[in-house]
Amino acid sequence: MLLPEEHLNGLKRIRLSGQKGINADASYIDGIITIYAVPSDFKNIYMIKPQEKVIRVCTRFGARWENIGDCWYCYWKMEQYKKYILHHVLLHEIGHHMDDHHKQRGSNGKETFAENYAFEMEKIINKTPL
């Protein structure tokens, strides 16, 4: 993945956690990105319906959704999930880093900024030959 070097300035670490995040695939705190473990069956369970934008992004990367009662299930194949983490989730968390480290927004809109950053970087990366 080719990102401008200045987007990574101040980033201390990207780490993989053996723990599953609660309704999150990753987090960003003080220069550290943590990517959480996926369940061994590649199924995420949501106790309430996820936002439509979450459903759309996951579906774009190949996830399959199922609603049973009040629960929503998101099913992945390993290759799809890896691509989703590398080509969207990681970019989203780098967006949080850009937002916090470079102070490019006011006090509102953290998730919007990070998501917009991920979408913009996806476009650039998909056009760049490896």
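Looking only at the stretch 27-58, residues that are outside any strand (DSSP E or B) and touching a strand residue (DSSP E or B) at 6+ places or on another chain (Cβ under 7 Å) come to 7 in all. If you go through the stretch 74-84, how many residues are crowded, with 21+ Cβ neighbours inside 10 Å and either in a helix (DSSP H, G or I) or among the β-branched types (Val, Ile, Thr) (or both)? Total meeting the criteria: 1.
To keep it simple, each residue is scored yes or no on (1) touching a residue at least 24 places away in the same chain (Cβ under 8 Å); (2) more than 20 Å from Lys82 (Cβ to Cβ).
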residue: Leu3; (1), (2): yes, no
residue: His7; (1), (2): yes, yes
residue: Lys12; (1), (2): no, yes
residue: Gln19; (1), (2): no, no
residue: Ile22; (1), (2): no, yes
residue: Ser27; (1), (2): yes, no
residue: Ile32; (1), (2): no, yes
residue: Ala37; (1), (2): no, no
residue: Phe42; (1), (2): yes, no
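For the stretch 86-108, the set of residues classified as at pLDDT below 75 and either touching a Gly at 6+ places or on another chain (Cβ under 6 Å) or closer than 22 Å to Cys58 by Cβ (or both) consists of His101 only. Considering only the stretch 18-26, I want to know if a residue exists there that is open to solvent by less than 40 Å² (accessible area, probe 1.4 Å), touching a Phe, Trp or Tyr at 6+ places or on another chain (Cβ under 8 Å), more than 22 Å from Leu3 (Cβ to Cβ) and part of a strand (DSSP E or B). No, every residue in the stretch 18-26 fails to be open to solvent by less than 40 Å² (accessible area, probe 1.4 Å), touching a Phe, Trp or Tyr at 6+ places or on another chain (Cβ under 8 Å), more than 22 Å from Leu3 (Cβ to Cβ) and part of a strand (DSSP E or B).
The values are calculated or read from the model by the stated rules, or taken from the named source; none is laboratory data. Just so we're clear, the structure is a prediction, and the values are computed from it rather than from any experiment. Note: ideal-geometry Cβ built from the backbone for every residue, glycine included; neighbour counts use all protein chains shown. Please note that ligands, DNA and RNA were not included when accessible areas were found on the heavy atoms of the full protein model with its side chains. Shrake-Rupley method; radii C 1.70, N 1.55, O 1.52, S 1.80 Å.
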